[in-house]
Every structure is written in C-alpha cells, then in structure tokens.
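Student: Structure below; questions to follow.
The values are calculated or read from the model by the stated rules, or taken from the named source; none is laboratory data. Computed from a predicted structure; not experimentally measured. Ideal geometry is used to build each Cβ from the backbone, glycine not excepted, and the neighbour counts take in all protein chains shown.
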Amino acid sequence: MTDSPAGVIIDYTEKLPGRGAYICPENECIDRFLRPGGGALSRALKRSVETPDREAFYEELSAKIRRKVSALLGMARKAGLAEYGFDAALGAVRKTPGGVMVVSDDLAENSRRRLLEKINGDVLIYNFSDKEALGAVIGAPEPVGIIYVKPSELSHSLAREMALLLKVSRG
C-alpha cells in the first residue's frame with residue numbers, strides 16, 4: 001500500500017512514489033490493517049488515513065493479481081514456455097512435467113475430468129478466467145480452455161500469484 005495525494009492505494013508492483021506499507025498476503029494481516037479507525041495503517045504510514053473499504057480493497061487487490069497472472073501467461077507464451085489446447089498441453093506435461101496448468105472456469109466438466117485422469121498429479125492446476133479471456137491473454141485466435149506453462153521461473157511466479165489470488169479471493 002502507498003500513501004499518495006489521492007489517498008491510500010494498493011501498489012502491487014511496488015513502484016509508486018510515496019510512503020509505503022507492506023501487508024503480508026494473509027487475510028488476517030489484511031483485515032488487521034483494514035480495521036475501522038485505521039490504527040495499524042495510520043501507524044505504518046505515519047499519518048492519519050481513512051481505512052479503505054474491506055470489500056473494495058479485496059476486489060482491487062484481486063484485480064491487480066489477475067492482471068499480473070495475465071501478464072505472466074502472455075510472457076510465457078512469447079517465451080515459448082506455454083502450450084495451449086487439450087492435446088498440446090497434455091503433450092507438454094508428458095515431456096516436461098512440473099509446470100503449471102491454467103484451466104478456464106468454463107471448461108467442460110468432461111474435459112476437466114479427462115485432463116485430471118491423464119496428468120496424474122504431475123503439475124499444479126489452477127482455475128482462472130474464462131476461455132475467451134485466456135485466449136486473448138496469450139494471443140490465440142480462438143478461445144482457450146487449457147494452458148500449460150513449462151517449468152521455469154515464469155511458472156514459479158505464476159504459481160505464486162495464483163496461490164495469492166486464491167487467498168485473497170476468499171477474503
């Protein structure tokens with residue numbers, strides 16, 4: 001979080017000017033900072049600040065994490081580390097297990113079940129967005145239900161961001 005003339009904002013990239021305050025990405029920590037009266041937040045920023053609305057805060061944080069996930073998926077595609085589509089993704093898992101599988105929220109249940117049967121727990125699997133958005137993120141000409149990111153620094157970053165998104169989405 002950063003204190004700015006516009007008020008307290010989430011500085012997810014940690015690049016904005018102004019006094020900042022780190023909040024651990026656990027719901028308990030975030031909730032402590034968002035308590036009415038802004039005690040912990042005001043102390044961290046060394047001035048009296050209005051506490052952001054809890055729901056709005058979690059929505060904004062989730063949106064920023066989603067943008068980061070989308071950027072990581074796009075970078076993985078450009079770096080040749082992402083395969084998409086059922087057969088291509090499954091083939092990539094077999095050749096290089098240990099990566100991250102991103103599955104659209106609207107993937108058919110039958111396809112989801114077949115995928116889980118075939119990969120045997122060799123990858124981390126996360127649900128994210130819908131087919132249209134996944135296709136757009138990686139520049140595919142059609143909707144995409146499955147993306148596999150091969151083991152790499154990008155897949156580790158993707159897994160970290162997806163785990164964080166799961167935490168704050170439950171907030």
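Student: Considering only residues that are out of contact with any Asp or Glu (no Cβ under 6 Å at 6 or more places or on another chain) and either closer than 14 Å to LEU134 by Cβ or not assigned by TED's automatic domain parsing to the domain that holds MET162 (or both), which ones fall in the range 84-107?
Tutor: TYR84, GLY85, PHE86, ALA88, VAL100, MET101, VAL102, VAL103, LEU107
Student: Scan the range 142-153 and tell me whether some residue there is part of a helix (DSSP H, G or I), within 16 Å of ALA71 (Cα to Cα) and either modelled with pLDDT of 95 or more or out of contact with any Gly (no Cβ under 9 Å at 6 or more places or on another chain) (or both).
Tutor: Among the residues of the range 142-153, at least one is part of a helix (DSSP H, G or I), within 16 Å of ALA71 (Cα to Cα) and either modelled with pLDDT of 95 or more or out of contact with any Gly (no Cβ under 9 Å at 6 or more places or on another chain) (or both), which makes the answer yes.
Student: Inside the range 60-93, can you point out the residues that are of a type in the set (Val, Ile, Thr) and over 8 Å from the mean Cα position of the chain (by Cα)?
Tutor: Across the range 60-93, the qualifying residue is only VAL93.
Student: Restricting attention to the range 22-42, does a residue exist that is touching a helix residue (DSSP H, G or I) at 6+ places or on another chain (Cβ under 8 Å), modelled with pLDDT under 75, surrounded by fewer than 17 Cβ atoms within 10 Å (Cβ to Cβ) and of a type outside the set (Ser, Thr, Tyr)?
Tutor: no
Student: Among the helices (runs of 4 or more DSSP H) lying completely within the range 19-109, list those that include at least 1 residues that are polar (S, T, N, Q).
Tutor: Of the helices (runs of 4 or more DSSP H) lying wholly inside the range 19-109, those with at least 1 residues that are polar (S, T, N, Q) span 27-33, 39-45, 54-78.
Student: Next question. Would you be able to tell me the number of residues in the range 112-162 that are out of contact with any helix residue (DSSP H, G or I) (no Cβ under 6 Å at 6 or more places or on another chain) and of a type in the set (Ser, Thr, Tyr)?
Tutor: 3
Student: Can you tell me how many residues within the range 98-139 are in contact with a Pro (Cβ under 8 Å, 6 or more places away or on another chain), surrounded by fewer than 16 Cβ atoms within 10 Å (Cβ to Cβ) and under 20 Å from LYS150 (Cα atoms)?
Tutor: So the count comes out to 2.
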